[in-house]
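Visitor: This is the structure I have questions about; it appears just below.
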Amino acid sequence: MENISYEEASKELNNIIEKLEEDKVTLSNAVELFERGQELIKICYKSLDNAKGKLTQIKETNDSLEEE
């Protein structure tokens, strides 16, 4: 999987959606764009999962500090 940021992947994904909505792409190109979109979605989900994990750790650390 590529090492690009969530923001970069999201921006590229939006560009792909716009191209597909224009309805001016060939079937072959549409399939390629769709495949790339799937890759970008995986990157976005992975980034969101990582962020969620970090936020959970921070919350748990803060909760344990409050208990002391």
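The values are calculated or read from the model by the stated rules, or taken from the named source; none is laboratory data. Just so it is clear, the structure is predicted and the values come from calculations on it, not from any experiment. Positions of Cβ are backbone-derived with ideal geometry, glycine not excepted, and every protein chain shown enters the neighbour counts.
Visitor: Criterion first (surrounded by 10 or more Cβ atoms within 10 Å (Cβ to Cβ), out of contact with any Lys or Arg (no Cβ under 6 Å at 6 or more places or on another chain) and in contact (Cβ under 8 Å) with a residue 24 or more places away in the chain) does residue 45 satisfy it?
Guide: In short, no.
Visitor: In segment 11-28, is there at least one residue being surrounded by fewer than 10 Cβ atoms within 10 Å (Cβ to Cβ), of a type in the set (Gly, Ala, Ser) and in a helix (DSSP H, G or I)?
Guide: Yes, there is a match, as at least one residue in segment 11-28 is surrounded by fewer than 10 Cβ atoms within 10 Å (Cβ to Cβ), of a type in the set (Gly, Ala, Ser) and in a helix (DSSP H, G or I).
Visitor: Looking at segment 5-23, I want the residues that are closer than 12 Å to residue 34 by Cα and have a partner that is among the charged types (D, E, K, R) and surrounded by 12 or more Cβ atoms within 10 Å (Cβ to Cβ) with Cβ atoms under 7 Å, at least 6 apart or on another chain. Which pairs are those?
Guide: Once the first residue is closer than 12 Å to residue 34 by Cα and sits in segment 5-23, its partners that are among the charged types (D, E, K, R) and surrounded by 12 or more Cβ atoms within 10 Å (Cβ to Cβ) give 16/36.
Visitor: If residue 2 meets every condition in (1) at pLDDT 95 or above; (2) over 11 Å from the mean Cα position of the chain (by Cα); (3) among the charged types (D, E, K, R) apart from one, which number is that one?
Guide: Residue 2 satisfies every listed condition except (1).
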